[in-house]
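Beneath this line is the structure, given in structure tokens, with notes to follow.
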Amino acid sequence: MARGAGELRLLGPGPEPGRLLLLLLLLLLLGGLLVRSGGAAAAAGPEPCQAPRQWEGRTVSYEHGTGRNRRAAVSYDGPNQRLRILEERKALIPCKKFFEYILLYKDAVMFQIEQVTKLCSKIALTEPWDPYDIPANSTYEDQYYIGGPGDEIMVQEWSDRKPARKLESWVGVYTVKDCYPVQETYMKNYSVTTSTRFFDLQLGIADPSVFTPPSTCQTAQTRKMKDEC
């Protein structure tokens, strides 16, 4: 049945073909932008996590040049740029000395204390503070599990590798959940120099006085002591 003139006026005029084409182009453009932004976010990959700024735990450092392992209890204070390293005695080694190190980077000084005699050396720190964390400009390398089924933890591996330099000088492995350090490796001249593993970490500093040198350091010598007789 034919529509009346009044009914046609109520329906109103239909959209012009040009307006339909413009609307379609706008929708396509918007969809493309959304896809590209999503792809860019996916291509960017994971962001570095924020590692704990104060903790205590234990480490094993392996010096590849000498083949030595050094086990130590460590207190790490990132905000104040302080580090205390207490070498652990695992066996009685003839003519082997064990030291405590207190590194105060804001004062650019390190105290070396012989654990038995408390003899102290005060040595200038020339290298800058290097925190245990993942720098913001790090390169994401990999994500994987340490351990096996039912007893595993997920970690991420980061490095300072850049497109213009294929080889890295630092590689850090940190847990995904709480960003605890697991291992850090340093390279120089295409060779690994030191590897450090971290374990038994606890948040916070139980006793801040560990960063205070003993009284024997008031008359400290200025040369570094050797760890052998």
**Fill in**
For Tyr186, the accessible surface traced by a 1.4 Å probe with all protein chains present amounts, in square angstrom to the nearest 10, to 70 Å²
**Prompt:** Based on the Cβ-Cβ distance from Arg58 to Ala108, what FRET efficiency comes out when R0 is 30 Å, to the nearest 0.05?
**Reply:** 0.65
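Return one whole number: the accessible area per residue of the stretch 77-178 in Å², for a 1.4 Å probe.
That works out to 59 Å² for each residue.
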**Asked** Using a Förster distance of 25 Å, how high is the FRET efficiency between Gln81 and Val176, based on the Cβ-Cβ distance and rounded to 0.05?
**Response** 0.40
**Asked** Where the centroid of each part is defined by its Cα atoms, how far is the stretch 159-229 from the stretch 48-91 in Å?
**Response** 5 Å
**Message:** Take the residue pairs Lys96/Lys224; Lys118/Lys188; Lys97/Lys188; Lys90/Lys118; Lys162/Lys188; Lys97/Lys122 and return only those whose Cα atoms are more than 24 Å apart.
**Reply:** Lys118/Lys188; Lys97/Lys188
**Message:** Just to verify a number: FRET efficiency for Leu92 and Gln143, C-beta to C-beta distance, R0 = 35 Å, to 0.05?
**Reply:** 0.25
**Net charge of Cβ neighbours under 11 Å - reference Gln202; Lys, Arg +1; Asp, Glu -1** = -1
**Prompt:** What percent does the relative contact order of the stretch 122-229 come to when contacts are Cα pairs within less than 8 Å and at least six residues apart?
**Reply:** 19 percent
**Fill in**
If the chain between Glu152 and Thr126 were fully extended at 0.36 nm per residue, the gain over the current Cα-Cα distance would be 5.4 nm
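The values are calculated or read from the model by the stated rules, or taken from the named source; none is laboratory data. Keep in mind that what you see is a predicted model, and the values were worked out from it rather than measured. In this analysis, Cβ positions are derived from the backbone assuming ideal geometry, glycine residues included, and neighbour counts consider all displayed protein chains. All accessible areas refer to the heavy atoms of the entire protein, side chains included, with ligands and DNA or RNA removed. Shrake-Rupley method; radii C 1.70, N 1.55, O 1.52, S 1.80 Å.
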